[in-house]
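The values are calculated or read from the model by the stated rules, or taken from the named source; none is laboratory data. Bear in mind that the values here come from a model prediction, so they are computed numbers and not experimental data. So basically every Cβ, Gly included, is an ideal-geometry build from the backbone, and we count neighbours across all protein chains shown. What goes into the accessible areas is simple: the full protein's heavy atoms, side chains included, and nothing from ligands, DNA or RNA. Shrake-Rupley method; radii C 1.70, N 1.55, O 1.52, S 1.80 Å.
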Amino acid sequence: MYLALLVIFLQFSELYTQDKVFTFNTVEIKVEPSVKVRNGAPMSIICHADISKSADFQLKYNFTIFKDHKLVFMTVSDTGDAQYEVPVAKSSDTGDYQCTVKADKKTRSSDPVHVWVTGMTKPTLTADKRDVLEGEVVKLRCELPEEDPPLQFCFRKIKTNSTPRETCVPESYTNFSVLEVSVEEGDNILQFDCFGRRNVKLEWEDSAHSNKTLVTVREPFIKPTLTTVPSSNNVTEGDQIQFECSTVVVEMRDIEIILQKNKSILNSVQDKKLLRYSTVATLEDSGEYLCKVEQGGASKTTKLNVVVSELFPKPTLVASMTKLDKNKELILNCSINGFQTANFSIIRKNANGDIPLKNSQTLKMRVNVNDTGSYTCKAEVKGIVKESKPVRINVYAPVSKPTLSVAGGLPEVVLGKPLQLICHSVMGTPPKTFRFYKGDDVEKIVINDTYATFLDENIRLNDQRGYRCDARNNHSSGVKTSDILNVTVIVPVRDASLGSVPYGEVEDGSEIAFLCSVKEGSLPILFRFFKKTDNEVLLFEKIEHRDRAMWHKETMKRQDTGTYYCVASNRANVDVRSQPITISVILAAWKKGVVAALVLITIAGAGALALWWFLRKKKKAKGPSMEMSGSALAANLTSEKLARQPNDGDYYSDSMENRHSRISGHPDAT
């Protein structure tokens, strides 16, 4: 019974569970009044869940609203709607909103919706000072208390009758910014304001401008005055000119006056109201002068242009000649146009310092090569010294007779290769002009100090023209010419060949002659004979003043069989190798006869031995008489052997000899 009730209960529970089925259709989020809200207006974020159910049953909905992935609102509801109220929208409420709904074990999220709260609150601006001196610093603070970073703050410096100067400062982590502004010369009454700026979806949005802050500026000192005595437009070279720069200061503390010309400081004073500077005026003193007064960060300047009139022009140095031979006379004269009275001096320029030659208007001297150089003269009037432009004097020694030689040393060249010649003139003042001749034709002109080179790439076999060169410089003696140089043209060896007599085969003990020859090549020629082995072996070499060489080898042996070749070369240093030939050493004819005779004798001996053996066998077959005689002969040999008893070898050799003699001497031997 109880089992039946349990089954019924489980089936009823399963049916009840199957009736509580639901699914999310959509989850949506919307903004009222719209996704673009004015700063300060109310705003509602509404989340709605659309759900389908299998029956009418109650669900609990957990709503979560996020802004830029950060939680801003949570609630639990029995219905499919939730609402997040923002009474006063601020620019910081701008962002992407998204809603997530959880019911039972199911969760669903909406698509994000971007909300833009337009407009920013008005910033506030404060300054740490309202009354400052030129050069001091004002600290400004711009703040947007109701806005969230990142922000950008722009400060404006406003002067009367000028365009405001704007400075923007980014702030990533604060809703305020501080800027220090230096008060400059001419900033009498200043106004400052600021505004905020933020970036929304790659668009900049600016706030309204803040309140204006007024700052009064006072001068710590007045603009300086700069004067000269004599006046700036009435100065002549040689005059004593005095500069005066002065100012009026509020407080004599850390004040400095500086006098400059072309950024160079001429003089300076500290903690004084007046600067003086004097000098003897020269033409170089013409130009713009600047007087600057500095105190702390404040600075004021005054400019004055000074023109210095010329007392006398620069002197002119004239030379009787600028190019002259060694030991010639040189006259240098210094003069000033329109002036007769001046203190003159003539100087030679030198890298280690000028060398005074004479305190006079004119200088006469007999020159040497060492006198080559630059000369000037100086003139002094009323303490003003001026120098002329330099005059270059060149003194020339004559060139020596040049020598012409081949760069390689010997006066020869290999056919097909270039010939390099050197023309050298030891003496003479550079620069020198060298000319190269082939025959009577000028091949090249070179300007150099001591030597010149010429490369002749057109070398021909039968060219009989000699080479020469000449050299000259600016000396009046003219051209010096070298001796004629004749150059030998070396023809490289070509097409070496090797032959022999006899050719191919030679008898052992016989002689052989090798002949190595070439088709062409300048004499003498070096001929070398080799036998080809693992290591090349030089057999014979000879220098010949003809196109061939012969090598006689008197006795050839069996080990001389092999491959032979020859190499020919001359002063062109090009080795030409012949084709190899093979020589076989064979037995001599008489040696072949001896061998044949030995073979025949051997064959004949073998035949005789066979005949003797046959006859002996035949005698044994005749009867007892033959056996007795044979036994007696054997007994005789045995007794004779026992009587001597020497060693076996000697014995063998001696018994045979005795036996032979006995047999030969026996009366019945024949």
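A few comments on the model shown:
- A Förster distance of 35 Å, applied to the separation of the beta-carbon atoms of residue 168 and residue 20, puts the FRET efficiency at 0.05.
- Once both labels are positioned 7 Å from their Cα atoms along Cα-to-Cβ, the gap between residue 30 and residue 128 label points is 5.5 nm.
- Check: the chain dipole with +1 on Lys, Arg Cβ and -1 on Asp, Glu Cβ, in debye: 3300 debye
- Calculated Rg and Dmax of the chain using C-alpha coordinates, Å: 64.7, 182
- Whole-number percent relative contact order across region 403-490, with pairs defined as alpha carbons under 8 Å at least 6 apart: 35 percent
- Relative to the longest principal axis of the Cα atoms of the chain, the long axis of helix 2-19 makes an angle of roughly 80 degrees.
- For region 225-309, with +1 on Lys and Arg beta carbons and -1 on Asp and Glu, the positive-most of 286, 228, 297 along the dipole: 297
- Checking the cross-link pairs 303/378; 129/300; 314/349; 67/105; 212/292 against a 28 Å limit on the alpha carbon distance flags 303/378; 212/292 as lying beyond it.
- Eigenvalues of the alpha-carbon gyration tensor of region 22-118, scaled by 5 and square-rooted, set the equivalent ellipsoid semi-axes at 27, 12, 11 angstrom, largest first.
- Solvent-accessible ranking of 235, 181, largest area first, probe 1.4 Å: 181, 235
- Cα-centre dipole for region 22-118 with unit charges at Cβ (Lys and Arg positive, Asp and Glu negative), debye to 20: 220 debye
- Averaging the sequence gap over all C-alpha pairs within less than 8 Å and six or more residues apart, then dividing by the number of residues, gives the chain a relative contact order of 6 percent.
- Residue separation of residue 616 and residue 519 scaled by 0.36 nm, minus their Cα-Cα distance, works out to 27.1 nm of gained length.
- Backbone N atoms of region 353-386 closer than 16 Å to the 7 Å Cα→Cβ label point of residue 339 belong to residues 360-362, 377-386.
- Helix axis angle, 589-620 relative to the chain longest principal axis, alpha carbon, degrees: 50 degrees
- Sorted largest first, the spans of the alpha carbon positions of region 320-390 along the three principal axes are 39, 27, 17 Å.
- Antiparallel DSSP beta bridges within the chain, as percent of all bridges there, nearest 5: 90 percent
- The heavy atoms of residue 348 offer some 50 square angstrom of accessible surface to a 1.4 angstrom probe.
- At the residue level, residue 543 shows approximately 110 square angstrom of accessible surface with a 1.4 angstrom probe and all protein chains present.
- Helix 648-665 axis, angle to the chain major axis (alpha carbon atoms, nearest 10°): 30 degrees
- In this simple spin-label model, placing a label point 7 Å from the Cα along the Cα-to-Cβ direction at both residue 511 and residue 72 gives a separation of 12.6 nm.
- Solvent-accessible surface (1.4 angstrom probe) belonging to residue 497, in square angstrom, nearest 10: 60 Å²
- Modelled spin labels at residue 397 and residue 273, positioned 7 Å past Cα toward Cβ, are 7.5 nm from each other.
- With helices as the sole contributors, the chain gives -4500 deg cm²/dmol at 222 nm; each DSSP H run of n ≥ 4 counts as -39500 (n - 2.57), and the sum is divided by every residue.
- Order of exposure, largest accessible area first, which applies to 120, 74, 556, 252 with probe 1.4 Å: 74, 252, 120, 556
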